[in-house]
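Engineer: Structure incoming, see below.
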């Protein structure tokens, strides 16, 4: 999946100065926190400008509209999350799965507002935002599938099973960053074992997708 963090928004940084690009990045960081804590409909452009300590016109200059601002925030966050989770291409499959889950958790831990915006932002149902979030899930499912089965595209049954596991990961990770009752290492190992159980279930239902050796050891 390809996510373009600039879709539907102005790009003054592409034709302006480093200072302009830095200001845009600063506004995105502020927006992550604002939309993570307050619903989309509850925030007016006046509210955003006031809390960001900038003129409202500056936000319009960079993002054209409130929706453009929100979409830029979501897409910027998504690109970083996918990049973090999809690293380690050179690693053996088992290590890559661990690396993927660890990268996912590290991102959520160190970018809590951005993670909440991606998973449970307050914009309500918006077709474009929904498509962005579905794209995130597909990209991460494909990353896990490649680590486990050596290919990104899998059949309907393993895809559905991995997607169900990922939806559970999203809910558990939201709770984890709210409470931090578990260390990141323990959280990672829990999610890895849950993934192993999912893969064993896949194999039971479709023998053409054998569970990796690591998943068998967890049995």
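Engineer: Do the sum for the chain: with -39,500 (n - 2.57) for every DSSP H run of n ≥ 4, divided by all residues, what is the mean residue ellipticity at 222 nm, to the nearest 500 deg cm²/dmol?
Structural biologist: Value at 222 nm, helices only: -24000 deg cm²/dmol.
Engineer: Could I ask something else about it? How far is helix 184-205 tilted, in degrees, relative to the longest principal axis of the Cα atoms in the chain, given as a value from 0 to 90 rounded to the nearest 10?
Structural biologist: Helix 184-205 sits roughly 60 degrees off the main axis of the chain.
Engineer: Still on this structure: Below 8 Å, C-alpha to C-alpha, sequence gap of six or more: please give me the relative contact order for segment 99-219 in percent.
Structural biologist: Relative contact order, segment 99-219: 26 percent.
Engineer: Right, next: For segment 122-213, what is the convex hull volume of the alpha-carbon atoms per residue, in Å³?
Structural biologist: Residue-normalised Cα hull volume stands at 106 Å³.
Engineer: Report D for the chain in µm² per second (integer): Stokes-Einstein, Kirkwood Rh on Cα pairs, 20 °C, 1.002 mPa s.
Structural biologist: Answer, rounded: 115 µm²/s.
Engineer: Here is a follow-up. Taking a ≥ b ≥ c as the square roots of the eigenvalues of the Cα gyration tensor of segment 44-154, is the shape rounded (a/c under 1.5), prolate (a/b larger than b/c) or oblate?
Structural biologist: Here segment 44-154 falls in the prolate category.
Engineer: Moving to a separate point now. Any chance you could give the angle, 0 to 90 degrees and rounded to 10, that helix 66-85 forms with the longest Cα principal axis of the chain?
Structural biologist: Between the helix axis and the principal axis of the chain, the angle is about 30 degrees.
Engineer: What angle do you read, to the nearest 10 degrees and between 0 and 90, between the alpha-carbon axis of helix 156-179 and the longest principal axis of the chain?
Structural biologist: The helix 156-179 is inclined about 60 degrees to the chain.
Throughout, read-outs are computed from the coordinates displayed, never taken from laboratory work. Just so we're clear, the structure is a prediction, and the values are computed from it rather than from any experiment.
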